[in-house]
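Here the structure is laid out as structure tokens; the discussion comes afterwards.
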Amino acid sequence: MNTVPPLIAVEGNHHDVGEQIGVRTADLIARSVETYTARFRDQAGLDDTTIDSWGRRYHALAEEYDPGIAAMLEGMAAGSGQSLARIAALNARTELLYGTGYRDEGCTSLAVLPSHTRDGHMLLAQNWDWHPEQADVTFLLATRDPSGFTVLSLTEAGMLAKSGLNSAGLGVCANLLVSDRDTGGEGIPYHFLLRGALHARTMSKAHQRLLPVRRISSGNVLLADAGGEAVDFELAPQVFGTLLPEDGLLAHANHFMADLPLRDLKAATSALTQLRPTRVRHLLAPAADRRAITTADVVRVLRDDWSYPDGICRWPDPEVAAGDQVCTVYSIVMDLTSRTLWIAPGPPRDHAYTRWELDALFEPAAPAPARDFTPEAPAHD
């Protein structure tokens, strides 16, 4: 994988946006539905009737949680030619595959407060670690509603969101967490929560989309906004933990860091999770002390491959079978003050970042995205 993800930009009401996404990515959605339907059957023992029954239930829960999300699912089903139940089930893949051993892997997220950046801008960034072949069905999704509110997010085909930012200056990054509180059943799927947060126009509203809801799976959400604040929520069923920046920095990997009444089921097995947040702080500390962190400094952190192949910049492990390989699939840096997103295919040390300006995504003569932060020579053998 060595290409920049395509940009799919659509506008209209929620149903229209979903329908346009469905039409423009129908082939990719079909691949996602096929892939995850096979996993539902082979790993969770779910037949088509059961998959669709749960899909209809999750769509009903979406209508209660956020009608805009429900309308997007309906439009995506209509545009792609897939059943609504199957599209909803795809967005609840983590919950449907609970207990099968299937879990997203990796991810390192970080935020830098404006008080510690050279230009006084709020920075938010993430490496997304997962199976490298998943890059083929992943793209940047830009949506704009009739009021002009815009969301730009990295998205797997058929799904609503991963990490991204919106025109209100709010940004979201997501990390895997697993606890003994996780269950299958009825609740708001994790990917609904991510889209719900991106629909929020204020930090307060984003909290309301994440916290006072029935959750059935664990996950980490790092929020930041152009107003200069950041907060990390470690979410689990019925409980959550809150982490705040220290010395202008906030970083998270794949283990619980707050004191919560649960048993962490990923802390011992997620590659280098115990050290990745500390490594972020060590690398940024000199510039943080000068209150002069730049986007280039954050890029250097995301390209760090200390403890190769399992560093912040993660590479495929040659000792792992091909079907189980995990690496940094995409690397994202967001300047929430200027509403700018940089993205590089992974591992990012090998690739340049492409810059997208949120305010220009829907301009009639929008310029081609700029290339920046050229690849670096590998530091490993």
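The values are calculated or read from the model by the stated rules, or taken from the named source; none is laboratory data. Since the structure is predicted, the reported quantities are computational estimates derived from the model, not experimental observations. Please note: Cβ atoms are built from the backbone with ideal geometry, for glycine as well, and neighbour counts cover all protein chains shown.
Here are a few things to note about the model shown:
- Residues in segment 137-186 that are among the small types (Gly, Ala, Ser), over 10 Å from the mean Cα position of the chain (by Cα) and surrounded by 23 or more Cβ atoms within 10 Å (Cβ to Cβ): Ala157, Gly158, Gly171.
- Index of the failed condition, Ser109 passing every other in (1) farther than 30 Å from Asp247 by Cα; (2) among the hydroxyl-bearing types (Ser, Thr, Tyr); (3) touching a residue at least 24 places away in the same chain (Cβ under 8 Å): (1)
- Residue pairs meeting the criteria (Cβ under 7 Å; at least 6 apart or on separate chains; first closer than 13 Å to Pro348 by Cα, in segment 287-316; second crowded, with 21+ Cβ neighbours inside 10 Å and of a type in the set (Gly, Ala, Ser)): Val298/Ala125; Leu302/Ala125; Leu302/Ser331; Asp304/Gly311; Asp305/Gly311; Arg314/Gly106
- Qualifying position, being in contact with a His (Cβ under 8 Å, 6 or more places away or on another chain) and over 19 Å from Cys107 (Cβ atoms), among Asp259, Asp247, Asp305, Asp289: Asp247
- Hits in segment 330-345 (condition: closer than 13 Å to Trp130 by Cβ and surrounded by fewer than 24 Cβ atoms within 10 Å (Cβ to Cβ)): Pro345
- Residues of segment 260-293 that are part of a loop (DSSP other than H, G, I, E, B) and touching a strand residue (DSSP E or B) at 6+ places or on another chain (Cβ under 7 Å): Leu260, Pro261, Leu262, Arg263, Leu265, Ala271, Leu272.
- Yes/no for Ala206 being surrounded by 21 or more Cβ atoms within 10 Å (Cβ to Cβ) and free of Cβ contacts under 8 Å to residues at least 40 places away in the same chain: yes
- Condition met for Gly241 (assigned by TED's automatic domain parsing to the domain that holds Arg291 and either closer than 16 Å to Asp66 by Cα or out of contact with any Asp or Glu (no Cβ under 6 Å at 6 or more places or on another chain) (or both)): no
- Residues considered: Ala288, Ala230, Ala251. Of these, the only one that is within 21 Å of the chain's Cα centre (by Cα), buried (at least 19 other Cβ atoms within 10 Å of the Cβ) and more than 19 Å from Leu193 (Cα to Cα) is Ala251.
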